[in-house]
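The values are calculated or read from the model by the stated rules, or taken from the named source; none is laboratory data. Keep in mind that what you see is a predicted model, and the values were worked out from it rather than measured. Cβ atoms come from the backbone with ideal geometry, glycine included; neighbour counts cover every protein chain shown. Heavy atoms of the whole protein, side chains included, go into the accessibility calculation; ligands, DNA and RNA do not. Shrake-Rupley method; radii C 1.70, N 1.55, O 1.52, S 1.80 Å.
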Amino acid sequence: GPPSTLLRTWLAFSLVETGGFAEALAHGAESLRIARTIAHPYGLYHGQLAVGTVHALRGDAGSAISALEQAVRMARESNMPFMATPSVAALGEASAHWVSR
C-alpha cells in the first residue's frame with residue numbers, strides 16, 4: 001500500500017491508544033483523504049479501518065460502525081478477503097458497544 005496512507009493509519013492506531021483521540025482521528029482522516037485522491041483500494045481500506053478504530057475507542061459507536069462497515073465492504077469487493085478479518089472484529093466490538101448503550 002501507499003506509505004502515505006499506511007503510515008498515517010498506524011500513527012492513528014498508536015495515538016488513539018495513548019488517548020490522543022483528536023490527533024488520531026485527524027491522521028486517520030488524512031489517510032483516507034489521500035487514498036481517495038489516488039483511488040487506491042488497499043489505502044482506502046486502511047483509512048476506513050483507522051477512522052473506524054479511532055471512533056470505536058473514543059466511544060462513538062455509530063461513526064465507528066459506519067466506517068468499519070465500509071472497510072469490510074472494501075476488503076470483500078477489492079478481492080482482499082484476508083483483510084476483512086480485522087475490520088469484522090473491530091465492527092463486532094463497535095456493534096457490541098452500540099447495543100450496550
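Quick notes
- Summed over the residues of the chain and divided among them, the accessible surface reaches 52 Å² per residue at a probe radius of 1.4 Å.
- More than 22 Å apart - percent of Cα-Cα pairs taken over the chain: 20
- Placing a pseudo-label 7 Å from each Cα along the Cα-to-Cβ vector at Ala89 and Arg76 gives an inter-label distance of 1.9 nm.
- Charge dipole of the chain (Cα centre as origin; +1 on each Lys and Arg Cβ, -1 on each Asp and Glu Cβ, all else neutral): 160 debye, rounded to the nearest 20.
- Annotation for Thr37 and Trp98: the two label points, set 7 Å from Cα along the Cα-Cβ direction, are 3.1 nm apart.
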